[in-house]
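One structure is given below, encoded as structure tokens.
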Amino acid sequence: MKVKKAVIPVAGLGTRMLPATKVVPKEMLPLIDKPGIQYIVEEAVASGIEDILMITSRGKWTIEDHFDYAPEIEEKLKAAGKEDELAMIRSLANIANITFVRQKELKGLGHAIWCARRFTGDEPFAVLLGDDVMCAEIPVLKQLIDASDKFGASAVGVQYVGNEDIGKYCSLDVENIENNLYLVKSLIEKPEPEQVMSNFAILGRYVLTSGIYDVLGNLPPGYGGEIQLTDGLNKLCAREKMLAVEFSGKRYDTGNIKGYLEATIQFGLMHPEAGEWLRDYLKSLKL
């Protein structure tokens, strides 16, 4: 399946990062010199995505501004002869065809994806969660797209999650097909210990067929009284083939303090200007 469209849900309130997210969208919190959402868009583009829809909500206008032109700043940079900086910020407006639609009621991730149905139409599409920033040699989304294209099926990105944490995610019943690829038989959102089917959990990346919309449009509220995407995927995998791709790379949940700090340190160490200094500084702390 050729995947050229992506949906990025960014409507969440970011309550795990209060008070920083009281007026600043969690997706706009900086990881060194870029907001987290920019890393996610760059991953999508590097995976071959051309058109992106962001599902937003009230108070998220700064995300739209980030991927737009900034005439006042650009004029000052141009006047100062800072051509590299000028090119950098202008490139953000041209990185992809990005559009926005509001999720007027926060009814859950499944409902947010359902809001994208007119954007994607009958085409397969990718979903990248706005909290989950990846660090991988091959973009994680591209790993999913390649698997989806090979087998002509939906694909979800999974990794092993320990027993102490699996209840915070979902659990999948899977059957190995080859190497890191598995056939998904069923899924359950935030399982109780006796409901855990495996320690594989979906971590923020999906490639879906348009069949998901028929499911989500008739799905009753699930865990937390919300329309859960996992519940929709559980019904979809009973209707059509779905793959679980155990992807290579490190996922950072930047929607909580620990994950945000981990990502900040990792990307700081990789930064061409700050990396060596940060490494020496951490050593000097003698932790």
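As a summary of the residue check, ILE40 satisfies the conditions (1) without any contact (Cβ under 8 Å) to a residue 60 or more places away in the chain; (2) closer than 23 Å to THR15 by Cα; (3) in a helix (DSSP H, G or I); (4) of a type outside the set (D, E, K, R) except for the one numbered (1). Looking at segment 51-73, which of the residues that are surrounded by 15 or more Cβ atoms within 10 Å (Cβ to Cβ) and of a type in the set (D, E, K, R) is farthest from LYS34 (Cα to Cα)? So the residue we want is ASP51.
The number of residues in segment 1-37 being touching a residue at least 40 places away in the same chain (Cβ under 8 Å), part of a loop (DSSP other than H, G, I, E, B) and within 15 Å of THR264 (Cβ to Cβ) comes to 3.
For beta carbons closer than 7 Å, sequence separation of 6+ or different chains, a first residue in segment 92-108 that is within 18 Å of PRO220 (Cα to Cα) and a second that is part of a strand (DSSP E or B) and of a type in the set (Asp, Glu), there are no qualifying pairs.
For (1) among the charged types (D, E, K, R); (2) within 16 Å of the chain's Cα centre (by Cα); (3) over 30 Å from GLY275 (Cα atoms); (4) part of a helix (DSSP H, G or I), each residue gets a yes or a no:
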{"residue": "ILE212", "(1), (2), (3), (4)": "no, no, yes, yes"}
{"residue": "PRO220", "(1), (2), (3), (4)": "no, no, yes, no"}
{"residue": "GLY224", "(1), (2), (3), (4)": "no, no, yes, yes"}
{"residue": "LYS235", "(1), (2), (3), (4)": "yes, no, yes, yes"}
{"residue": "ALA238", "(1), (2), (3), (4)": "no, no, yes, yes"}
{"residue": "SER248", "(1), (2), (3), (4)": "no, yes, no, no"}
{"residue": "TYR252", "(1), (2), (3), (4)": "no, yes, no, no"}
{"residue": "GLY259", "(1), (2), (3), (4)": "no, yes, no, yes"}
{"residue": "GLU262", "(1), (2), (3), (4)": "yes, no, no, yes"}
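Scanning segment 187-203 for residues that are under 15 Å from TYR160 (Cβ atoms) and part of a strand (DSSP E or B) returns PHE200, ALA201, ILE202, LEU203. Restricting to segment 141-171, what's the tally of residues that are farther than 22 Å from GLY259 by Cβ and hydrophobic (A, V, I, L, M, F, W, C)? The qualifying residues number 5. Across segment 224-243, the qualifying residues are those that are loosely packed, with under 14 Cβ neighbours inside 10 Å and not small (Gly, Ala, Ser), and the one among them that is nearest to ASN176 (Cα to Cα) is GLU240. Scanning segment 94-113 for residues being of a type outside the set (S, T, N, Q), closer than 20 Å to VAL41 by Cα and surrounded by 21 or more Cβ atoms within 10 Å (Cβ to Cβ) gives a total of 4. Taken over segment 201-228, the residue count meeting the criterion of being under 20 Å from ILE40 (Cα atoms) and among the aliphatic types (A, V, I, L, M) is 5.
Let's see how each residue does on (1) surrounded by 16 or more Cβ atoms within 10 Å (Cβ to Cβ); (2) modelled with pLDDT of 95 or more; (3) of a type in the set (Lys, Arg); (4) on the phi < 0 side of the Ramachandran plot:
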site	(1), (2), (3), (4)
PRO139	yes, yes, no, yes
ILE145	yes, yes, no, yes
LYS150	no, no, yes, yes
MET197	yes, no, no, yes
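Which one of VAL174, VAL184, VAL207 is in contact (Cβ under 8 Å) with a residue 60 or more places away in the chain, within 27 Å of TYR260 (Cα to Cα) and part of a strand (DSSP E or B)?
Selected residue: VAL207, the only one of VAL174, VAL184, VAL207 that is in contact (Cβ under 8 Å) with a residue 60 or more places away in the chain, within 27 Å of TYR260 (Cα to Cα) and part of a strand (DSSP E or B).
Regarding ALA79, is this residue in contact with a Gly (Cβ under 9 Å, 6 or more places away or on another chain) and either of a type outside the set (A, V, I, L, M, F, W, C) or more than 30 Å from PHE151 (Cα to Cα) (or both)?
No, not satisfied.
Starting from residues that are within 16 Å of LEU141 (Cβ to Cβ) and in contact with a Lys or Arg (Cβ under 9 Å, 6 or more places away or on another chain), keep the ones in segment 202-222 and report whichever is surrounded by the most Cβ atoms within 10 Å (Cβ to Cβ). For segment 202-222, the residue satisfying everything is ARG205. The C-beta contact set for segment 62-77 (first residue of a type in the set (Lys, Arg), second residue in a loop (DSSP other than H, G, I, E, B), distance under 8 angstrom, 6+ apart or interchain) is empty. Within segment 257-272, residues that are without any contact (Cβ under 8 Å) to a residue 40 or more places away in the chain have Cβ atoms under 7 Å from residues that are surrounded by 16 or more Cβ atoms within 10 Å (Cβ to Cβ) and in a helix (DSSP H, G or I) in these pairs: LEU269/LEU278, counting only partners at least 6 apart in sequence or on another chain.
In summary, ASP231 fulfils each of the numbered conditions (1) under 17 Å from the mean Cα position of the chain (by Cα); (2) in a helix (DSSP H, G or I) with the single exception of condition (1).
The values are calculated or read from the model by the stated rules, or taken from the named source; none is laboratory data. As the structure is a prediction and not an experimental result, all values here were calculated from the model. Don't worry about glycine lacking a Cβ; one is built from the backbone with ideal geometry, like all the others, and counts go over all protein chains shown.
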